[in-house]
């Protein structure tokens with residue numbers, strides 16, 4: 001089982017790494033395709049290629065150029081990471097064009113950037129076509145800054161947030177087109193084209209993916225934590241439900257003659273049912289994770305108790321073994337002591353030979369004291385003029 005888990009983890013890691021390269025590559029390729037279609041549409045006169053639908057404003061050629069350069073920069077980062085200077089050069093060009101356009105709008109200057117591509121533009125309502133929108137220029141600033149961040153030491157710190165910001169702006173514009181109420185249409189400010197919003201959504205997603213799992217907002221959605229699981233389950237479904245609910249309220253009454261109150265009530269019921277289903281699924285998922293964690297904790301606690309009991313048994317067995325060995329050593333020492341005492345002489349000669357032992361001029365004494373010879377000697381009486389001690393040690 002451990003080998004299987006390790007193999008599974010390696011496989012998931014490789015799959016995740018492959019996704020973090022494949023998805024940005026697809027987004028970058030589609031971004032370049034949008035820019036090329038815009039150029040082909042303006043050159044051939046088929047503006048439908050730049051606007052998707054005739055009633056929508058077409059993407060400006062300068063915008064198509066910036067998207068092409070951004071897509072090329074993303075592919076360079078993916079395929080030739082060593083060519084950082086090229087990515088920085090492309091990002092610098094896009095940033096310069098976007099800043100120049102913002103200065104034109106805010107400062108009243110005219111650098112004639114869009115006139116390089118379209119000299120005599122037609123009008124789409126009250127605004128000219130072939131001109132970069134102010135919101136488009138602002139979003140290009142975010143994208144170009146994110147590209148610069150990819151070449152720095154901490155790409156996850158800045159590239160992810162700037163890419164997410166561009167993606168959100170592109171998504172807001174796309175929602176307006178989906179609801180049939182494009183943003184800024186009918187006013188005196190140039191609106192963002194549908195293909196431009198798609199380009200920002202794609203390039204922003206590519207930046208977020210290239211920032212890696214350590215960058216915001218991906219780090220909040222990835223992993224096995226309860227927070228990541230809840231976000232992955234709630235955010236997509238809630239967002240989809242809110243968008244569908246808004247689309248029904250905005251488009252359905254105009255297509256089908258039905259009471260708006262009935263439509264709103266039906267959407268509310270469906271939305272509540274969807275929320276209940278989501279909560280049920282989440283509670284089941286989180287409850288399962290909690291149950292598995294509780295089971296794992298109980299198993300670990302049981303293993304710990306078994307280990308402690310086994311350890312206590314081993315300590316008792318070891319103590320018993322040591323006690324038996326100590327007893328054996330004591331018995332062996334006692335046997336050696338008795339053997340050595342038995343080997344010591346019990347009778348000694350007298351000087352002269354025919355006198356009693358107490359009248360002998362030379363007396364003998366045998367003493368056995370292996371660990372405390374000095375103590376035994378010190379306990380004997382001290383010598384005098386008539387009494388002298390001669391010690392013979394046998395080792």
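What to note about this one:
- Neighbour-count ranking [beta-carbon atoms within 10 angstrom, fewest first] of 267, 99, 27: 99, 267, 27
- Measuring nothing but how far apart in sequence close Cα pairs (under 8 Å, 6+ apart) lie, relative to its length, the chain scores a relative contact order of 12 percent.
- Degrees between helix 226-255 axis and first principal axis of the chain (Cα, 0 to 90, nearest 10): 20
- Ranked 55, 101, criterion: other C-beta atoms within 10 Å, fewest first: 55, 101
- The Kirkwood hydrodynamic radius of segment 16-222, based on inverse pair distances between different Cα atoms, is 17.0 Å.
- Over the chain: helical MRE at 222 nm, DSSP H runs n ≥ 4 each giving -39500 (n - 2.57), nearest 500: -24500 deg cm²/dmol
- Peptides ranked, highest mean first, by Cβ atoms within 10 Å: ranges 142-149, 46-53, 122-129, 351-358: 142-149, 46-53, 122-129, 351-358
- With a Förster radius of 56 Å applied to the C-beta separation of residue 317 and residue 341, the computed FRET efficiency comes to 0.95.
- Gaussian network model of the chain, Cα within-10 Å springs - most flexible of 227, 292, 255: 255
- Gaussian network model of the chain, Cα within-10 Å springs - most flexible of 235, 286, 262: 262
- Pairwise FRET efficiency - residue 232 versus residue 291, Cβ, R0 = 22 Å, nearest 0.05: 0.65
- Normalised convex hull volume, the chain, alpha-carbon set, Å³ per residue: 325
- Averaging the Cα positions of each part gives two centres, and for segment 290-335 and segment 95-173 these lie 73 Å apart.
- Residue order, fewest to most beta carbons within 10 Å, for 75, 279: 279, 75
- Mean-square fluctuations from a GNM of the chain, with a 10 angstrom spring cutoff on Cα atoms, peak among 28, 156, 293 at 293.
- Modelled label reach - residue 270, point 7 Å along Cα→Cβ, segment 171-201 residues with backbone N closer than 11 Å: none
- Highest mean packing comes first when the peptides 164-171, 17-24 are listed by Cβ atoms within 10 Å, giving 164-171, 17-24.
- Over segment 190-278 - Rg/Rh using Cα atoms and the Kirkwood inverse-distance radius: 1.11
- In the chain, the longest principal axis of the Cα atoms and the axis of helix 260-343 are about 10 degrees apart.
Values in this text are rule-based calculations from the coordinates and carry no lab data. Model, not experiment: these values are computed from the prediction. Using ideal geometry, Cβ is built from the backbone for each residue, glycine included, and neighbour counts are taken over all protein chains shown.
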